[in-house]
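Read the structure below first, then the notes.
The values are calculated or read from the model by the stated rules, or taken from the named source; none is laboratory data. What you see is a predicted model; the values in this text were computed from it and never measured. Reconstructed Cβ throughout: ideal geometry from the backbone, glycine too, with neighbour counts over all protein chains shown. Accessible surface areas use protein heavy atoms only, side chains included; no ligands, DNA or RNA. Shrake-Rupley method; radii C 1.70, N 1.55, O 1.52, S 1.80 Å.
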Amino acid sequence: MIEDIYDPLVRYRDEFRARFSQLTLDKFKELVEKSGVDVSANRKLIADINALSASLNSKKWKLFFLRLFIIIGFIAGFLGGIIAYNMIDCVERWYAIGACVGGIALIILTYPFYKKTRKLIEKLEDDISVKTQSAWDQMAPLNKLYTWDITVKLIEATVPRLQFDAFFTADRLDELNRLFGWDNSFNEGKSIVFAQSGVINGNPFVIGEYLEQQWGEKTYEGTKSISWSEWTTVNGKRQRVTRHQTLYATVTKPIPVYKDKKLLIYGNDAAENLTFSRKPSSLSDVGDGLIGSFRKKLVVRELEKFSRNLDDDSDFTLMSNHEFEALFYAKDRDNEVEFRLLFTALAQKQMLDLLKDSSIAFGDDFSFIKQNKINVIVPNHLQEAVIDTNPERFYDYDFDRAMLNFQQFNEKYFKDVYFAFAPLLAIPLYQQTRTVEDIYKDAINMQSSFWEHESLANYYGDDYFKHSSCITRNILKTEHSSREDDTSTIKVTAYGFKGLNRVDYVDVYGGDGRYHSVPVHWVEYLPVHKTSNMYISENKNSSDINVEDISNAGFWRRSIFSYLNK
(Lines give C-alpha, C1' and ligand atoms only; values in the text may rest on other atoms or scores of the structure.)
Protein backbone atom coordinates (compact mmCIF):
# COMPACT_ATOMS: atom_id res chain seq x y z
CA MET A 1 0.00 0.00 0.00
CA ILE A 2 1.31 3.45 -0.95
CA GLU A 3 1.75 5.65 2.12
CA ASP A 4 0.44 9.21 2.24
CA ILE A 5 2.85 12.13 2.25
CA TYR A 6 2.60 13.88 5.58
CA ASP A 7 4.78 16.94 6.15
CA PRO A 8 5.82 17.39 2.49
CA LEU A 9 8.52 19.94 3.32
CA VAL A 10 10.33 17.68 5.80
CA ARG A 11 9.93 14.62 3.58
CA TYR A 12 11.55 16.47 0.69
CA ARG A 13 14.41 17.74 2.85
CA ASP A 14 15.15 14.50 4.67
CA GLU A 15 14.19 11.84 2.15
CA PHE A 16 12.91 12.68 -1.33
CA ARG A 17 15.69 15.05 -2.43
CA ALA A 18 18.50 12.60 -1.73
CA ARG A 19 16.52 9.63 -3.07
CA PHE A 20 15.74 11.38 -6.33
CA SER A 21 19.35 12.48 -6.76
CA GLN A 22 20.60 8.90 -6.33
CA LEU A 23 17.93 7.46 -8.63
CA THR A 24 18.87 10.02 -11.28
CA LEU A 25 22.54 9.09 -11.02
CA ASP A 26 21.69 5.38 -11.19
CA LYS A 27 19.49 5.95 -14.23
CA PHE A 28 22.25 7.76 -16.08
CA LYS A 29 24.70 4.97 -15.31
CA GLU A 30 22.13 2.46 -16.55
CA LEU A 31 21.73 4.36 -19.83
CA VAL A 32 25.50 4.62 -20.27
CA GLU A 33 25.94 0.90 -19.71
CA LYS A 34 23.13 0.09 -22.13
CA SER A 35 24.53 2.45 -24.78
CA GLY A 36 28.03 1.01 -24.68
CA VAL A 37 29.62 4.46 -24.92
CA ASP A 38 33.40 4.39 -24.39
CA VAL A 39 33.67 7.05 -21.69
CA SER A 40 37.48 7.16 -21.56
CA ALA A 41 37.71 7.55 -25.36
CA ASN A 42 35.18 10.40 -25.26
CA ARG A 43 37.04 12.15 -22.46
CA LYS A 44 40.29 11.90 -24.41
CA LEU A 45 38.61 13.29 -27.52
CA ILE A 46 37.03 16.14 -25.54
CA ALA A 47 40.44 16.96 -24.05
CA ASP A 48 41.85 17.18 -27.60
CA ILE A 49 38.95 19.44 -28.66
CA ASN A 50 39.45 21.70 -25.64
CA ALA A 51 43.20 21.96 -26.34
CA LEU A 52 42.52 22.80 -29.98
CA SER A 53 39.90 25.36 -28.92
CA ALA A 54 42.38 27.02 -26.56
CA SER A 55 44.95 27.16 -29.35
CA LEU A 56 42.30 28.54 -31.71
CA ASN A 57 41.42 31.35 -29.30
CA SER A 58 45.11 32.22 -28.95
CA LYS A 59 45.56 32.32 -32.72
CA LYS A 60 42.47 34.50 -33.14
CA TRP A 61 43.92 37.05 -30.72
CA LYS A 62 47.19 36.97 -32.64
CA LEU A 63 45.30 37.47 -35.90
CA PHE A 64 43.48 40.45 -34.36
CA PHE A 65 46.74 42.24 -33.53
CA LEU A 66 48.29 41.38 -36.90
CA ARG A 67 45.24 42.81 -38.64
CA LEU A 68 45.55 45.91 -36.44
CA PHE A 69 49.21 46.36 -37.49
CA ILE A 70 48.24 46.07 -41.15
CA ILE A 71 45.51 48.68 -40.72
CA ILE A 72 47.94 51.01 -38.94
CA GLY A 73 50.50 50.45 -41.70
CA PHE A 74 47.91 51.18 -44.37
CA ILE A 75 46.77 54.38 -42.66
CA ALA A 76 50.38 55.54 -42.11
CA GLY A 77 51.36 54.75 -45.69
CA PHE A 78 48.28 56.35 -47.23
CA LEU A 79 48.34 59.53 -45.14
CA GLY A 80 52.13 59.80 -45.40
CA GLY A 81 51.94 59.58 -49.20
CA ILE A 82 49.16 62.18 -49.43
CA ILE A 83 50.97 64.59 -47.12
CA ALA A 84 54.34 64.09 -48.89
CA TYR A 85 52.75 64.80 -52.25
CA ASN A 86 51.24 68.08 -51.05
CA MET A 87 54.12 69.30 -48.84
CA ILE A 88 56.39 72.18 -49.90
CA ASP A 89 58.72 72.16 -46.89
CA CYS A 90 61.46 69.56 -47.62
CA VAL A 91 62.04 68.56 -43.99
CA GLU A 92 58.35 67.88 -43.36
CA ARG A 93 58.08 66.09 -46.70
CA TRP A 94 60.87 63.70 -45.66
CA TYR A 95 58.99 63.01 -42.40
CA ALA A 96 55.88 62.21 -44.42
CA ILE A 97 57.86 60.03 -46.83
CA GLY A 98 59.33 58.22 -43.83
CA ALA A 99 55.87 57.59 -42.42
CA CYS A 100 54.70 56.31 -45.80
CA VAL A 101 57.71 53.99 -46.20
CA GLY A 102 57.39 52.82 -42.60
CA GLY A 103 53.71 52.03 -43.10
CA ILE A 104 54.40 50.04 -46.27
CA ALA A 105 57.24 48.20 -44.55
CA LEU A 106 54.95 47.33 -41.63
CA ILE A 107 52.41 45.84 -44.05
CA ILE A 108 55.09 43.88 -45.95
CA LEU A 109 56.59 42.47 -42.75
CA THR A 110 53.26 41.69 -41.08
CA TYR A 111 51.28 40.20 -43.97
CA PRO A 112 53.15 36.84 -44.19
CA PHE A 113 52.51 36.23 -40.48
CA TYR A 114 48.88 37.26 -40.97
CA LYS A 115 48.46 34.88 -43.90
CA LYS A 116 50.13 32.02 -42.01
CA THR A 117 47.98 32.62 -38.92
CA ARG A 118 44.79 32.60 -41.00
CA LYS A 119 45.73 29.22 -42.47
CA LEU A 120 46.46 27.87 -38.98
CA ILE A 121 43.07 29.09 -37.79
CA GLU A 122 41.31 27.44 -40.73
CA LYS A 123 43.13 24.17 -40.04
CA LEU A 124 42.29 24.33 -36.34
CA GLU A 125 38.62 24.99 -37.12
CA ASP A 126 38.58 22.02 -39.51
CA ASP A 127 40.25 19.78 -36.92
CA ILE A 128 37.80 20.87 -34.22
CA SER A 129 34.85 20.26 -36.55
CA VAL A 130 36.06 16.76 -37.44
CA LYS A 131 36.78 15.81 -33.84
CA THR A 132 33.47 17.29 -32.63
CA GLN A 133 31.60 15.18 -35.18
CA SER A 134 33.54 12.14 -33.96
CA ALA A 135 32.49 12.99 -30.40
CA TRP A 136 28.86 13.24 -31.51
CA ASP A 137 29.22 9.83 -33.16
CA GLN A 138 30.64 8.43 -29.93
CA MET A 139 27.71 9.76 -27.89
CA ALA A 140 24.98 8.90 -30.44
CA PRO A 141 24.04 5.55 -28.82
CA LEU A 142 23.46 7.32 -25.48
CA ASN A 143 21.61 10.27 -27.01
CA LYS A 144 19.15 7.87 -28.64
CA LEU A 145 18.21 6.32 -25.29
CA TYR A 146 16.78 9.46 -23.73
CA THR A 147 12.98 9.40 -23.70
CA TRP A 148 10.18 11.82 -22.80
CA ASP A 149 9.16 9.89 -19.69
CA ILE A 150 12.53 9.42 -17.97
CA THR A 151 12.06 12.32 -15.57
CA VAL A 152 8.48 11.52 -14.53
CA LYS A 153 9.36 7.85 -13.98
CA LEU A 154 12.15 8.98 -11.63
CA ILE A 155 9.60 11.11 -9.75
CA GLU A 156 7.21 8.15 -9.50
CA ALA A 157 10.00 6.01 -8.07
CA THR A 158 10.81 8.74 -5.54
CA VAL A 159 7.26 9.71 -4.57
CA PRO A 160 4.97 6.74 -5.34
CA ARG A 161 1.90 8.78 -4.43
CA LEU A 162 2.45 10.75 -7.66
CA GLN A 163 1.65 8.79 -10.82
CA PHE A 164 2.00 10.27 -14.30
CA ASP A 165 0.22 9.40 -17.54
CA ALA A 166 2.06 8.63 -20.76
CA PHE A 167 0.08 11.53 -22.21
CA PHE A 168 -3.08 13.49 -21.41
CA THR A 169 -5.89 11.26 -22.63
CA ALA A 170 -9.43 12.21 -23.62
CA ASP A 171 -10.67 9.94 -20.82
CA ARG A 172 -8.63 11.79 -18.23
CA LEU A 173 -10.01 15.12 -19.46
CA ASP A 174 -13.54 13.70 -19.45
CA GLU A 175 -12.97 12.56 -15.88
CA LEU A 176 -12.06 16.09 -14.83
CA ASN A 177 -15.10 17.45 -16.65
CA ARG A 178 -17.71 14.89 -15.64
CA LEU A 179 -16.70 13.95 -12.10
CA PHE A 180 -15.11 17.15 -10.86
CA GLY A 181 -16.80 19.93 -12.81
CA TRP A 182 -13.83 21.23 -14.79
CA ASP A 183 -15.05 23.62 -17.47
CA ASN A 184 -13.38 23.55 -20.88
CA SER A 185 -14.33 27.21 -21.32
CA PHE A 186 -10.99 27.83 -19.58
CA ASN A 187 -9.32 27.05 -22.91
CA GLU A 188 -11.14 29.76 -24.87
CA GLY A 189 -8.60 32.19 -26.27
CA LYS A 190 -5.74 30.03 -25.02
CA SER A 191 -3.49 27.47 -26.65
CA ILE A 192 -1.93 24.60 -24.71
CA VAL A 193 1.85 24.51 -25.05
CA PHE A 194 2.45 21.48 -22.83
CA ALA A 195 0.37 19.23 -20.59
CA GLN A 196 1.35 16.46 -18.18
CA SER A 197 -1.49 14.61 -16.50
CA GLY A 198 -1.64 11.92 -13.83
CA VAL A 199 -3.23 10.98 -10.51
CA ILE A 200 -2.69 11.35 -6.78
CA ASN A 201 -4.38 8.34 -5.19
CA GLY A 202 -6.77 8.09 -8.13
CA ASN A 203 -7.57 11.81 -8.21
CA PRO A 204 -6.64 13.42 -11.53
CA PHE A 205 -4.30 16.32 -12.06
CA VAL A 206 -2.77 18.10 -15.02
CA ILE A 207 0.21 20.43 -15.10
CA GLY A 208 -0.34 22.77 -18.00
CA GLU A 209 1.46 25.52 -19.83
CA TYR A 210 -0.64 27.71 -22.06
CA LEU A 211 -0.29 30.74 -24.31
CA GLU A 212 -2.87 33.49 -24.03
CA GLN A 213 -3.44 36.52 -26.23
CA GLN A 214 -4.52 39.76 -24.59
CA TRP A 215 -4.74 43.35 -25.73
CA GLY A 216 -2.20 45.89 -24.64
CA GLU A 217 -1.27 49.37 -25.79
CA LYS A 218 1.65 50.82 -27.67
CA THR A 219 2.53 54.49 -27.97
CA TYR A 220 3.79 55.63 -31.37
CA GLU A 221 5.69 58.88 -31.86
CA GLY A 222 5.83 61.18 -34.86
CA THR A 223 7.83 64.32 -35.61
CA LYS A 224 7.65 67.29 -37.93
CA SER A 225 10.26 69.99 -38.49
CA ILE A 226 9.02 73.54 -38.96
CA SER A 227 10.75 76.86 -39.51
CA TRP A 228 9.67 80.49 -39.62
CA SER A 229 11.16 83.95 -39.86
CA GLU A 230 10.79 86.65 -37.29
CA TRP A 231 12.28 90.04 -36.52
CA THR A 232 14.54 90.54 -33.54
CA THR A 233 16.81 93.26 -32.19
CA VAL A 234 20.52 92.51 -31.94
CA ASN A 235 22.87 95.22 -30.64
CA GLY A 236 20.20 97.82 -31.26
CA LYS A 237 19.63 96.73 -34.83
CA ARG A 238 16.53 95.08 -36.24
CA GLN A 239 17.19 91.95 -38.28
CA ARG A 240 15.28 88.95 -39.60
CA VAL A 241 16.22 85.51 -38.21
CA THR A 242 15.01 82.03 -39.06
CA ARG A 243 13.78 79.82 -36.23
CA HIS A 244 13.66 76.01 -36.34
CA GLN A 245 11.63 73.64 -34.19
CA THR A 246 10.85 69.93 -34.14
CA LEU A 247 7.28 69.15 -33.12
CA TYR A 248 6.48 65.85 -31.43
CA ALA A 249 3.16 64.01 -31.26
CA THR A 250 2.09 60.61 -29.95
CA VAL A 251 -0.86 58.28 -30.40
CA THR A 252 -1.68 55.20 -28.36
CA LYS A 253 -3.14 52.21 -30.16
CA PRO A 254 -4.07 48.63 -29.23
CA ILE A 255 -1.54 45.88 -29.83
CA PRO A 256 -1.82 42.11 -29.24
CA VAL A 257 0.40 40.79 -26.46
CA TYR A 258 1.07 37.17 -25.64
CA LYS A 259 1.72 35.66 -22.23
CA ASP A 260 2.79 32.17 -21.21
CA LYS A 261 1.46 30.81 -17.94
CA LYS A 262 1.78 27.54 -16.05
CA LEU A 263 -0.60 26.04 -13.52
CA LEU A 264 -1.64 22.83 -11.77
CA ILE A 265 -5.26 21.63 -11.93
CA TYR A 266 -6.40 18.96 -9.46
CA GLY A 267 -9.74 17.25 -8.93
CA ASN A 268 -10.83 15.92 -5.54
CA ASP A 269 -14.22 15.17 -3.94
CA ALA A 270 -13.18 16.44 -0.50
CA ALA A 271 -15.02 19.59 0.66
CA GLU A 272 -17.02 19.61 -2.55
CA ASN A 273 -19.19 22.59 -1.54
CA LEU A 274 -16.28 24.86 -0.62
CA THR A 275 -14.83 27.66 -2.71
CA PHE A 276 -12.04 30.04 -1.72
CA SER A 277 -8.97 31.75 -3.14
CA ARG A 278 -5.70 33.06 -1.78
CA LYS A 279 -2.68 34.84 -3.23
CA PRO A 280 0.96 35.08 -2.14
CA SER A 281 1.40 37.32 0.89
CA SER A 282 4.45 39.33 1.92
CA LEU A 283 3.65 38.43 5.55
CA SER A 284 5.31 35.06 5.07
CA ASP A 285 8.73 36.73 4.86
CA VAL A 286 8.46 39.13 7.84
CA GLY A 287 9.53 36.59 10.45
CA ASP A 288 8.53 36.52 14.10
CA GLY A 289 10.29 39.71 15.21
CA LEU A 290 8.64 42.80 16.60
CA ILE A 291 7.75 44.34 13.23
CA GLY A 292 6.64 41.01 11.75
CA SER A 293 4.41 40.22 14.72
CA PHE A 294 2.91 43.69 14.58
CA ARG A 295 2.05 43.36 10.88
CA LYS A 296 0.44 39.97 11.46
CA LYS A 297 -1.61 41.34 14.35
CA LEU A 298 -2.93 44.11 12.10
CA VAL A 299 -4.15 41.51 9.60
CA VAL A 300 -5.68 39.39 12.36
CA ARG A 301 -7.55 42.43 13.73
CA GLU A 302 -8.92 43.11 10.27
CA LEU A 303 -10.08 39.47 10.01
CA GLU A 304 -11.61 39.59 13.48
CA LYS A 305 -13.57 42.69 12.50
CA PHE A 306 -14.66 40.99 9.27
CA SER A 307 -15.68 37.88 11.22
CA ARG A 308 -17.92 39.93 13.52
CA ASN A 309 -19.59 41.82 10.68
CA LEU A 310 -23.12 40.42 10.75
CA ASP A 311 -24.22 42.65 7.88
CA ASP A 312 -21.94 40.77 5.46
CA ASP A 313 -23.23 37.70 3.63
CA SER A 314 -20.06 35.77 4.47
CA ASP A 315 -20.12 33.11 7.19
CA PHE A 316 -16.37 33.61 7.76
CA THR A 317 -15.36 32.70 11.30
CA LEU A 318 -11.81 33.28 12.49
CA MET A 319 -9.96 30.09 13.46
CA SER A 320 -7.83 29.83 16.60
CA ASN A 321 -4.59 29.59 14.59
CA HIS A 322 -4.23 33.29 13.87
CA GLU A 323 -0.89 32.92 12.11
CA PHE A 324 -2.42 30.52 9.60
CA GLU A 325 -5.36 32.86 9.03
CA ALA A 326 -3.04 35.84 8.47
CA LEU A 327 -0.66 34.07 6.08
CA PHE A 328 -3.09 31.86 4.15
CA TYR A 329 -5.75 34.60 4.11
CA ALA A 330 -8.63 32.72 2.54
CA LYS A 331 -11.03 35.49 3.44
CA ASP A 332 -13.53 34.71 0.69
CA ARG A 333 -14.27 31.12 1.76
CA ASP A 334 -17.96 30.32 1.64
CA ASN A 335 -18.34 27.14 3.71
CA GLU A 336 -16.79 27.37 7.15
CA VAL A 337 -17.55 23.76 8.13
CA GLU A 338 -15.85 22.28 5.06
CA PHE A 339 -12.93 24.71 5.29
CA ARG A 340 -12.20 23.47 8.81
CA LEU A 341 -12.68 19.88 7.64
CA LEU A 342 -10.02 20.46 5.00
CA PHE A 343 -7.62 22.50 7.09
CA THR A 344 -7.20 20.48 10.25
CA ALA A 345 -4.54 21.41 12.79
CA LEU A 346 -2.06 19.17 10.94
CA ALA A 347 -2.93 20.70 7.57
CA GLN A 348 -2.54 24.21 9.01
CA LYS A 349 0.89 23.38 10.42
CA GLN A 350 2.10 21.80 7.20
CA MET A 351 0.79 24.69 5.12
CA LEU A 352 2.50 27.23 7.40
CA ASP A 353 5.78 25.32 7.07
CA LEU A 354 5.55 25.66 3.29
CA LEU A 355 4.59 29.33 3.39
CA LYS A 356 7.42 30.32 5.72
CA ASP A 357 10.28 28.31 4.21
CA SER A 358 12.34 29.85 1.41
CA SER A 359 15.56 27.91 1.93
CA ILE A 360 14.37 24.43 0.98
CA ALA A 361 11.10 25.29 -0.76
CA PHE A 362 10.00 28.47 -2.53
CA GLY A 363 8.10 30.05 0.35
CA ASP A 364 4.78 31.78 -0.17
CA ASP A 365 4.87 31.96 -3.96
CA PHE A 366 1.59 30.32 -4.97
CA SER A 367 -2.02 31.22 -5.58
CA PHE A 368 -4.58 28.61 -4.50
CA ILE A 369 -8.09 28.63 -5.96
CA LYS A 370 -10.69 26.07 -4.98
CA GLN A 371 -13.97 25.87 -6.89
CA ASN A 372 -15.90 23.00 -5.31
CA LYS A 373 -14.11 19.85 -6.52
CA ILE A 374 -11.54 21.67 -8.67
CA ASN A 375 -8.31 23.04 -7.21
CA VAL A 376 -5.99 25.31 -9.16
CA ILE A 377 -2.45 26.04 -7.97
CA VAL A 378 -0.46 28.79 -9.73
CA PRO A 379 3.12 28.80 -8.35
CA ASN A 380 5.32 31.75 -9.23
CA HIS A 381 8.44 29.60 -9.38
CA LEU A 382 6.82 27.39 -12.02
CA GLN A 383 6.41 30.34 -14.39
CA GLU A 384 10.16 30.45 -14.99
CA ALA A 385 10.63 26.68 -14.92
CA VAL A 386 10.84 24.23 -17.80
CA ILE A 387 8.00 21.73 -17.41
CA ASP A 388 8.29 19.75 -20.63
CA THR A 389 10.67 16.79 -20.61
CA ASN A 390 11.95 16.98 -24.17
CA PRO A 391 14.86 14.51 -24.28
CA GLU A 392 16.67 16.54 -26.91
CA ARG A 393 17.88 18.86 -24.15
CA PHE A 394 20.10 16.01 -22.91
CA TYR A 395 21.86 15.53 -26.26
CA ASP A 396 25.56 16.32 -26.05
CA TYR A 397 28.90 15.24 -27.51
CA ASP A 398 30.70 15.74 -24.17
CA PHE A 399 30.05 12.85 -21.76
CA ASP A 400 30.88 14.70 -18.54
CA ARG A 401 28.82 17.72 -19.53
CA ALA A 402 25.92 15.45 -20.51
CA MET A 403 26.05 13.70 -17.14
CA LEU A 404 26.08 17.02 -15.25
CA ASN A 405 23.24 18.44 -17.35
CA PHE A 406 21.15 15.27 -16.89
CA GLN A 407 21.59 15.40 -13.12
CA GLN A 408 21.02 19.14 -12.72
CA PHE A 409 18.00 19.37 -15.02
CA ASN A 410 16.19 16.45 -13.42
CA GLU A 411 16.88 17.59 -9.87
CA LYS A 412 15.61 21.09 -10.65
CA TYR A 413 12.58 19.67 -12.47
CA PHE A 414 11.73 17.50 -9.48
CA LYS A 415 11.97 20.41 -7.05
CA ASP A 416 9.90 22.71 -9.28
CA VAL A 417 7.14 20.13 -9.79
CA TYR A 418 7.15 18.74 -6.24
CA PHE A 419 6.61 22.14 -4.67
CA ALA A 420 3.83 22.87 -7.14
CA PHE A 421 2.08 19.82 -5.63
CA ALA A 422 3.17 20.59 -2.06
CA PRO A 423 0.14 22.80 -1.13
CA LEU A 424 -2.11 19.88 -2.07
CA LEU A 425 0.06 17.30 -0.30
CA ALA A 426 -0.05 19.45 2.83
CA ILE A 427 -3.79 18.67 3.14
CA PRO A 428 -4.12 15.07 4.44
CA LEU A 429 -7.79 14.77 3.49
CA TYR A 430 -6.92 15.12 -0.20
CA GLN A 431 -4.74 12.02 -0.08
CA GLN A 432 -7.30 10.07 1.91
CA THR A 433 -10.14 10.74 -0.55
CA ARG A 434 -10.61 8.61 -3.64
CA THR A 435 -13.61 8.41 -5.95
CA VAL A 436 -15.61 5.18 -6.09
CA GLU A 437 -15.49 5.26 -9.89
CA ASP A 438 -11.69 5.29 -9.84
CA ILE A 439 -11.58 2.23 -7.59
CA TYR A 440 -13.70 0.12 -9.93
CA LYS A 441 -12.96 1.62 -13.34
CA ASP A 442 -11.45 -0.35 -16.20
CA ALA A 443 -8.29 0.54 -18.09
CA ILE A 444 -8.26 4.05 -19.46
CA ASN A 445 -8.82 4.60 -23.20
CA MET A 446 -5.49 5.71 -24.67
CA GLN A 447 -6.81 8.33 -27.07
CA SER A 448 -5.23 11.74 -26.70
CA SER A 449 -7.17 14.84 -25.65
CA PHE A 450 -7.28 18.19 -27.42
CA TRP A 451 -4.80 19.47 -24.82
CA GLU A 452 -2.23 17.10 -26.30
CA HIS A 453 -3.22 18.06 -29.84
CA GLU A 454 -2.63 21.75 -29.16
CA SER A 455 0.59 20.87 -27.39
CA LEU A 456 1.79 18.93 -30.45
CA ALA A 457 0.85 21.77 -32.78
CA ASN A 458 2.79 24.23 -30.63
CA TYR A 459 5.73 21.83 -30.61
CA TYR A 460 5.90 22.16 -34.40
CA GLY A 461 5.71 25.94 -34.01
CA ASP A 462 3.82 28.84 -35.57
CA ASP A 463 5.67 28.73 -38.87
CA TYR A 464 4.00 25.47 -39.89
CA PHE A 465 0.46 26.78 -39.43
CA LYS A 466 0.36 30.59 -39.55
CA HIS A 467 -1.35 32.69 -42.20
CA SER A 468 1.05 34.12 -44.79
CA SER A 469 0.16 37.68 -43.75
CA CYS A 470 0.55 37.07 -40.00
CA ILE A 471 3.17 39.18 -38.23
CA THR A 472 2.43 38.13 -34.62
CA ARG A 473 2.49 34.96 -32.58
CA ASN A 474 -0.44 32.61 -33.05
CA ILE A 475 -3.00 30.96 -30.84
CA LEU A 476 -3.24 27.42 -32.19
CA LYS A 477 -6.58 25.68 -31.66
CA THR A 478 -7.40 22.13 -32.69
CA GLU A 479 -10.44 20.10 -33.65
CA HIS A 480 -10.64 16.33 -34.03
CA SER A 481 -11.81 15.83 -37.61
CA SER A 482 -11.83 12.07 -38.23
CA ARG A 483 -10.20 8.81 -37.24
CA GLU A 484 -9.22 5.99 -39.54
CA ASP A 485 -7.63 2.87 -38.11
CA ASP A 486 -5.23 4.23 -35.48
CA THR A 487 -4.65 7.62 -37.09
CA SER A 488 -6.60 10.76 -36.26
CA THR A 489 -6.89 13.81 -38.48
CA ILE A 490 -6.61 16.98 -36.42
CA LYS A 491 -7.53 20.35 -37.86
CA VAL A 492 -5.19 23.05 -36.58
CA THR A 493 -6.33 26.65 -36.89
CA ALA A 494 -3.77 29.38 -36.30
CA TYR A 495 -5.23 32.69 -35.10
CA GLY A 496 -2.96 35.69 -35.48
CA PHE A 497 -2.87 39.24 -36.78
CA LYS A 498 -1.67 41.01 -39.88
CA GLY A 499 -0.47 44.58 -39.67
CA LEU A 500 -1.65 47.51 -41.78
CA ASN A 501 0.35 50.72 -41.76
CA ARG A 502 -1.75 53.74 -40.78
CA VAL A 503 -1.09 57.44 -40.27
CA ASP A 504 -2.80 59.76 -37.82
CA TYR A 505 -2.32 63.53 -37.99
CA VAL A 506 -2.16 65.29 -34.65
CA ASP A 507 -2.41 69.06 -34.36
CA VAL A 508 0.51 70.45 -32.35
CA TYR A 509 0.99 74.12 -31.47
CA GLY A 510 4.31 75.43 -32.79
CA GLY A 511 6.55 78.28 -31.79
CA ASP A 512 5.33 80.22 -34.80
CA GLY A 513 1.93 80.59 -33.14
CA ARG A 514 0.20 78.16 -35.48
CA TYR A 515 -1.06 74.59 -35.27
CA HIS A 516 0.66 72.00 -37.46
CA SER A 517 -0.48 68.49 -38.39
CA VAL A 518 2.22 66.08 -37.19
CA PRO A 519 2.06 62.66 -38.89
CA VAL A 520 2.26 59.67 -36.56
CA HIS A 521 2.71 56.28 -38.23
CA TRP A 522 1.21 53.28 -36.44
CA VAL A 523 0.18 49.70 -37.13
CA GLU A 524 -3.38 48.44 -37.07
CA TYR A 525 -3.64 44.75 -36.17
CA LEU A 526 -6.39 42.84 -37.95
CA PRO A 527 -7.19 39.18 -37.29
CA VAL A 528 -6.20 36.47 -39.77
CA HIS A 529 -6.43 32.70 -39.50
CA LYS A 530 -5.51 29.59 -41.41
CA THR A 531 -6.51 25.94 -40.99
CA SER A 532 -4.17 23.03 -41.69
CA ASN A 533 -4.21 19.30 -41.03
CA MET A 534 -2.07 17.38 -38.57
CA TYR A 535 -2.11 13.61 -38.21
CA ILE A 536 -1.46 11.71 -35.00
CA SER A 537 -1.30 8.12 -33.86
CA GLU A 538 -1.08 7.06 -30.22
CA ASN A 539 1.22 4.23 -29.20
CA LYS A 540 -0.77 1.95 -26.89
CA ASN A 541 1.89 -0.60 -26.04
CA SER A 542 4.85 1.30 -24.66
CA SER A 543 5.81 4.81 -23.66
CA ASP A 544 9.52 4.03 -24.06
CA ILE A 545 9.87 5.26 -27.62
CA ASN A 546 13.19 6.66 -28.76
CA VAL A 547 12.98 10.21 -30.03
CA GLU A 548 14.38 10.39 -33.54
CA ASP A 549 15.40 13.54 -35.36
CA ILE A 550 12.44 15.43 -36.83
CA SER A 551 12.05 14.45 -40.47
CA ASN A 552 9.54 14.91 -43.24
CA ALA A 553 7.82 11.75 -42.03
CA GLY A 554 7.12 13.18 -38.59
CA PHE A 555 8.34 12.54 -35.06
CA TRP A 556 7.50 10.91 -31.76
CA ARG A 557 6.61 13.11 -28.84
CA ARG A 558 6.15 11.02 -25.73
CA SER A 559 3.84 8.21 -26.93
CA ILE A 560 2.24 10.06 -29.83
CA PHE A 561 3.46 10.01 -33.41
CA SER A 562 2.66 13.16 -35.35
CA TYR A 563 3.13 14.32 -38.91
CA LEU A 564 1.87 17.06 -41.25
CA ASN A 565 0.52 16.94 -44.77
CA LYS A 566 3.48 18.68 -46.32
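Taking the structure as given and computing percent of Cα pairs over 45 Å apart, which label from (i) 24; (ii) 44; (iii) 31 fits?
(ii)
According to the Cα gyration tensor, what semi-axes, each the square root of 5 times an eigenvalue, does the equivalent ellipsoid of the range 366-504 have, listed from largest to smallest in whole Å? Working shown, then result.
Working: eigenvalues 217, 132, 91 Å².
Ellipsoid half-lengths, sorted descending, are 33, 26, 21 Å.
Whole number in Å², please: accessible area per residue of the range 176-298, 1.4 Å probe, ligands, DNA and RNA not counted.
Numbers: 6380 Å² over 123 residues.
Solvent-accessible surface per residue comes out at 52 Å².
In nm, what is the difference between 0.36 nm times the number of residues separating residue 502 and residue 308 and their Cα-Cα distance?
Numbers: separation 194, 0.36 × 194 = 69.84 nm, distance 5.83 nm.
Gain in length upon complete extension: 64.0 nm.
Within a Cβ distance under 15 Å of residue 404, other residues only, what is the Lys/Arg minus Asp/Glu net charge? Walk me through the numbers on the way to the answer.
Values: positive: 27, 29, 43, 393, 401, 412; negative: 396, 398, 400, 411.
Once positives and negatives cancel, what remains is +2.
Using a probe of 1.4 angstrom, how much of the accessible area of the range 158-265 is carbon and sulfur, in percent? Let's see the in-between values first.
On the way: 2170 of 5100 Å².
The computed percentage sits at 43.
Which distance in nm do the two modelled labels at residue 336 and residue 214 give, with both placed 7 Å along the Cα-to-Cβ direction?
Those two pseudo-labels are separated by 3.6 nm.
For the chain, what is the calculated [θ] at 222 nm in deg cm²/dmol (nearest 500), taking -39500 (n - 2.57) for each run of four or more DSSP H residues and dividing by its residue count? Numbers along the way, then the final one.
Numbers: 15 runs with 242 residues, N = 566.
Helix contribution divided over all residues of the chain: -14000 deg cm²/dmol.
For residue 275, what residues show an amide H to amide H distance below 5 Å, using hydrogens built from the backbone and excluding near sequence neighbours?
So residue 275 has HN proximity to 334, 335, 372.
Once you list every other residue whose beta carbon is under 14 Å from the beta carbon of residue 120, what net charge do they have if Lys and Arg are +1 and Asp and Glu are -1? Each step should come with its number before you reach the end.
Numbers: positive: 59, 60, 62, 115, 116, 118, 119, 123; negative: 122, 125, 126, 127.
Every neighbour counted, the sum reads +4.
Quick one: pull the percent of accessible area on the range 337-432 belonging to carbon and sulfur, 1.4 Å probe, ligands and nucleic acids left out. Write down the numbers at each step before the final one.
Numbers: 1840 of 3320 Å².
So the carbon and sulfur contribution to the accessible surface is 55 percent.
Using a 1.4 Å probe on the protein heavy atoms, what percent of the accessible area of the range 14-66 belongs to carbon and sulfur?
On the way: 1780 of 3210 Å².
With neighbouring chains kept in place, the figure for the range 14-66 is 56 percent.
Excluding residues fewer than 8 places away in the same chain, name every one of the aspartates and glutamates whose C-alpha is closer than 15 Å to that of residue 331.
302, 304, 312, 313, 315, 323
How high is the relative contact order of the chain, given as a whole-number percent (alpha carbon pairs under 8 Å, six or more residues apart)?
Details: 966 pairs, mean separation 99.2, N = 566.
Computed over the chain, the figure is 18 percent.
Using the heavy atoms of the protein chains alone and a 1.4 angstrom probe, what is the accessible area of the range 322-466 per residue in square angstrom?
Details: 5500 Å² over 145 residues.
Result: 38 Å² of accessible area for each residue.
Note down the net charge around residue 228, summing +1 for each Lys or Arg and -1 for each Asp or Glu among other residues with Cβ under 14 Å from its Cβ.
My count for the surroundings of residue 228 gives +2.
Residue 60: which lysines have alpha carbons under 18 Å from its alpha carbon, excluding same-chain residues fewer than 8 sequence positions away?
115, 116, 119, 123
What's the ranking of 52-60, 318-326 by average number of surrounding C-beta atoms within 10 Å, highest first?
Details: 52-60: 14.2, 318-326: 16.6.
In descending order of packing, they fall as 318-326, 52-60.
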